[in-house]
1. Within segment 107-115, identify whether any single residue is part of a helix (DSSP H, G or I), charged (D, E, K, R) and within 14 Å of the ligand (Cβ to nearest atom), and answer yes or no.
2. So, in segment 1-35, of the ones that are of a type in the set (Ser, Thr, Tyr) and open to solvent by 10 Å² or more (accessible area, probe 1.4 Å), which residue ends up farthest from Leu75 (Cα to Cα)?
3. Being more than 11 Å from the ligand (Cβ to nearest atom) and touching a Lys or Arg at 6+ places or on another chain (Cβ under 9 Å) is the filter here; which residues of segment 94-105 pass it?
4. Would you check which residues across segment 67-88 are surrounded by 20 or more Cβ atoms within 10 Å (Cβ to Cβ) and more than 10 Å from the ligand (Cβ to nearest atom) and list them?
5. Just for segment 149-180: of the residues that are among the aliphatic types (A, V, I, L, M) and at pLDDT 95 or above, which one is surrounded by the fewest Cβ atoms within 10 Å (Cβ to Cβ)?
6. Name the residue that is farthest from Ser173 (Cα to Cα), counting only residues in segment 89-132 that are among the basic types (Lys, Arg) and open to solvent by 60 Å² or more (accessible area, probe 1.4 Å).
7. Of the conditions (1) at pLDDT 95 or above; (2) away from the ligand (no atom under 14 Å from the Cβ); (3) surrounded by fewer than 23 Cβ atoms within 10 Å (Cβ to Cβ); (4) within 18 Å of Arg3 (Cα to Cα), Pro55 satisfies every one except a single condition; which number is it?
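The values are calculated or read from the model by the stated rules, or taken from the named source; none is laboratory data. Remember, it's a predicted structure, so these values are computed and weren't measured experimentally. Counting neighbours? That spans all protein chains shown, and the Cβs are built from the backbone with ideal geometry, glycine included. Quick note on the areas: whole protein, heavy atoms, side chains included, nothing else; ligands and nucleic acids left out. Shrake-Rupley method; radii C 1.70, N 1.55, O 1.52, S 1.80 Å.
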Amino acid sequence: MARVGVVGGTGPHGIGMALRLVIAGEEVVIGSRSLERAETAVRRIRERILPRVPPDRVRAADNATAARTCDVVVLAVPYTALPALLDELRPSLAGKVVIDVVNPLIADDGLFRVAPVAEGSASGWIQAHAPEARVVGCFKNLSAHDLWRIDRAMHGDVLVCSDFPEAIGYVSSLIELMPLLRAVDAGPLANAAHVEHITALLLNLNRRYRAQSSIQIVGL
Ligand SMILES: NC(=O)c1ccc[n+]([C@@H]2O[C@H](COP(=O)([O-])OP(=O)(O)OC[C@H]3O[C@@H](n4cnc5c(N)ncnc54)[C@H](OP(=O)(O)O)[C@@H]3O)[C@@H](O)[C@H]2O)c1
């Protein structure tokens, strides 16, 4: 069991990730810029997991404490929040597995597209700006809605990219604790760019079909 800090854990994706990790048996610290908002998120998760999971598996903190006191850190904030956040958290991320779920998306004329990122992807940006962290890009194609709906099984694949193969293995083992989700080793972090483009496509499909789409790779 690891202690996982979720920075930005009050947003839909962060709270969904936290919920799934708690149910999978991990100890989770929800981080926020506001302790009050983190406590509200913790209350929501506790209400959701009872009676199946002990409520002491999840607690609240500010982002800096969540990153500093945990073995694994999830970054679940908007892409535009990363520069200031990394300035603050960089020392706490050194040597740790950092799970990056960020999609650098822009909506233009009703269509989503990926914002240009010199480092190729949000994951590449984080790795370049926190070089001592072991960044793993994943959970980028799964909707927050599906993470929160624990009454329904989550079908689909989670593409996992990193330049650290053992970190891919570790995060894949966390994903496999979530029923029906499959982790797919998507290779080096350079591939995170393609994964982020898939999210833009899925969101455009969601609009067109009024759906919550996700992906499944066949033929592996
Ligand atoms: N939503 C989805 O379905 C989904 C799916 C896949 C991937 N993602 C990715 O996951 C990330 C989070 O998504 P989300 O929908 O949960 O986003 P969000 O609601 O916009 O933001 C998440 C949290 O980030 C914190 N935050 C916002 N602006 C910040 C800033 N300038 N500095 C520091 N913290 C800030 C806020 O927490 P506090 O105010 O409490 O600090 C907020 O609750 C995004 O990068 C998104 O692309 C989302």
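1. Residues of segment 107-115 part of a helix (DSSP H, G or I): none.
Within segment 107-115 (the criterion being part of a helix (DSSP H, G or I), charged (D, E, K, R) and within 14 Å of the ligand (Cβ to nearest atom)), the answer is no, since none of the residues qualifies.
2. So the first thing to find is which residues in segment 1-35 are of a type in the set (Ser, Thr, Tyr), and the list is 10, 32, 34.
After this cut, where a residue has to be open to solvent by 10 Å² or more (accessible area, probe 1.4 Å) as well, the list is 10, 34.
Details: Thr10: 12, Ser34: 16 Å.
Going through the qualifying residues, I end up with Ser34.
3. Result: Gly95, Lys96, Val97, Val98.
4. Within segment 67-88, Ala67, Cys70, Val72, Val73 qualify.
5. Of the residues in segment 149-180, the ones among the aliphatic types (A, V, I, L, M) are 150, 153-154, 158-160, 167-168, 171, 174-175, 177-178, 180.
Narrowing further to those that are at pLDDT 95 or above: 158-160, 167-168, 171, 174-175.
On the way: Val158: 24, Leu159: 23, Val160: 27, Ala167: 21, Ile168: 25, Val171: 25, Leu174: 24, Ile175: 19.
Looking at residues that are among the aliphatic types (A, V, I, L, M) and at pLDDT 95 or above, I get Ile175.
6. Here is the first cut: in segment 89-132, the ones among the basic types (Lys, Arg) are 90, 96, 113.
Keeping just the survivors that are open to solvent by 60 Å² or more (accessible area, probe 1.4 Å) gives 90, 113.
On the way: Arg90: 25, Arg113: 31 Å.
Per the stated criteria, the residue is Arg113.
7. In the conditions (1) at pLDDT 95 or above; (2) away from the ligand (no atom under 14 Å from the Cβ); (3) surrounded by fewer than 23 Cβ atoms within 10 Å (Cβ to Cβ); (4) within 18 Å of Arg3 (Cα to Cα), Pro55 misses (1) alone.
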